[in-house]
1. For the stretch 206-227, which residues satisfy the criterion of being free of Cβ contacts under 8 Å to residues at least 24 places away in the same chain and open to solvent by less than 50 Å² (accessible area, probe 1.4 Å)?
2. Which of (1) surrounded by 15 or more Cβ atoms within 10 Å (Cβ to Cβ); (2) modelled with pLDDT under 95 is the odd one out, the single condition Thr2 does not satisfy?
3. With the checklist (1) open to solvent by 30 Å² or more (accessible area, probe 1.4 Å); (2) within 16 Å of the ligand (Cβ to nearest atom); (3) over 13 Å from the mean Cα position of the chain (by Cα) in hand, flag the one item Gly59 doesn't pass.
4. Under 9 Å between Cβ atoms, at least 6 apart or on separate chains: pull out the pairs that start in the stretch 116-143 with a residue that is open to solvent by less than 70 Å² (accessible area, probe 1.4 Å) and end on any residue that is among the β-branched types (Val, Ile, Thr) and not in a helix (DSSP H, G or I).
5. Looking for whichever is open to solvent by 10 Å² or more (accessible area, probe 1.4 Å), of a type outside the set (Ser, Thr, Tyr) and at positive phi here; the options are Arg162, Arg193, Arg236, Arg201. Which one fits?
6. When the stretch 149-205 is examined, which residues are found to be in a loop (DSSP other than H, G, I, E, B) and within 19 Å of Val103 (Cβ to Cβ)?
Amino acid sequence: MTAEIILKSTIDVTYVDHMGNDERCVEAMLVSTKGLDAEEASHDKVRGRLSYLIKNRHGTPFECGALTVRVHAPIKVWREWHRHRVGFSYNEESGRYKQLDPVFWLPPRERPMMRPEGFRSAYPDFDVPTEDEYDKISSYLEAGYRATYGWYVDLLAVGADRGLARDVLGVGIFSACYVTMNPRSVMHFLELRTKCPEAKRPSRPLWEIDNAARQLEAIFARLWPITHSLWNEHGRAAP
Ligand SMILES: Cc1cc2nc3c(=O)[nH]c(=O)nc-3n(C[C@H](O)[C@H](O)[C@H](O)COP(=O)(O)OP(=O)(O)OC[C@H]3O[C@@H](n4cnc5c(N)ncnc54)[C@H](O)[C@@H]3O)c2cc1C
């Protein structure tokens, strides 16, 4: 059958909850001495302590905190995000308990997606498509999504297990996860999954995961502003 599908060109990273802040990381650091008294809690003192920790790669105080976000992203993003094992917890919507929503990734026009002359996989830089190129790529993606989702619905209609019927779908279909991380693991993730040529160890992530990571970074910067700015100053290298 021909299935109705929804094409979506945004990835959503939404704040759910958090525990801790910059001061809590310093408090954890000072466990053996005086703790976080009024003097230690001043902005300059906190900044100085955190700077020392980041510079000298004393990472564990940054594990004293938690951030939960809800992420709605294509499966191809999850394949990469789920590789981050340490300091991460995931809970993903099930493809066995429910029929998967017909929501599929359509890259926005401005996403660089054309392999340039002399392309090398180790330096995956792409060109922005012309109108014609974009129309061609999006029509292939849409046709593929529509056909496969139609077969998925057909398989469900003949009574196939949902956990099997989904095998015909590709990695462009969206899935949602609750992701819980600590500040140290957030920094490690952002170091690897944002494209920042000025970073100490520049990474070359997939455009879509960079887009998601940038949204996560904005939330992190709001909740741990001093840690975030120091991490940036120290070349975006996780402690
Ligand atoms: C640009 C880019 C391209 C990539 N390409 C590929 C690819 O082609 N194929 C592929 O399979 N993956 C690829 N990856 C995934 C990559 O290899 C990592 O799996 C992913 O980035 C998670 O990093 P991590 O292991 O450091 O994170 P985490 O799993 O969160 O681990 C954090 C840190 O804990 C330590 N650690 C965790 N587990 C162990 C362990 N078992 N033993 C010792 N120390 C451990 C390490 O210090 C590690 O850095 C790519 C990643 C990026 C950013």
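The values are calculated or read from the model by the stated rules, or taken from the named source; none is laboratory data. Just so we're clear, the structure is a prediction, and the values are computed from it rather than from any experiment. Methodologically, a virtual Cβ is constructed for each residue, glycine included, from the backbone with ideal geometry; neighbour enumeration extends over all protein chains shown. Just so you know, the surface numbers come from the protein's heavy atoms only, side chains and all, with ligands and any DNA or RNA stripped out. Shrake-Rupley method; radii C 1.70, N 1.55, O 1.52, S 1.80 Å.
1. First pass over the stretch 206-227, keeping only residues free of Cβ contacts under 8 Å to residues at least 24 places away in the same chain: 210, 214, 218, 221-222.
Hits for the stretch 206-227 are Asp210, Ala221.
2. Among (1) surrounded by 15 or more Cβ atoms within 10 Å (Cβ to Cβ); (2) modelled with pLDDT under 95, Thr2 violates only (1).
3. (1)
4. Tyr134/Val128; Glu142/Ile5
5. Working: Arg162 fails: at positive phi; Arg193 fails: at positive phi; Arg201 fails: at positive phi.
Answer to the check: Arg236.
6. Quick first cut of the stretch 149-205, residues in a loop (DSSP other than H, G, I, E, B) only: 158-161, 169-172, 182, 194-205.
Leu169, Gly170, Val171, Gly172, listed by residue number.
Results for (1) among the hydrophobic types (A, V, I, L, M, F, W, C); (2) at pLDDT below 95, shown as yes or no for each residue.
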residue	(1), (2)
Asp22	no, no
Lys34	no, yes
Ser42	no, yes
Lys45	no, yes
Tyr52	no, no
Cys64	yes, no
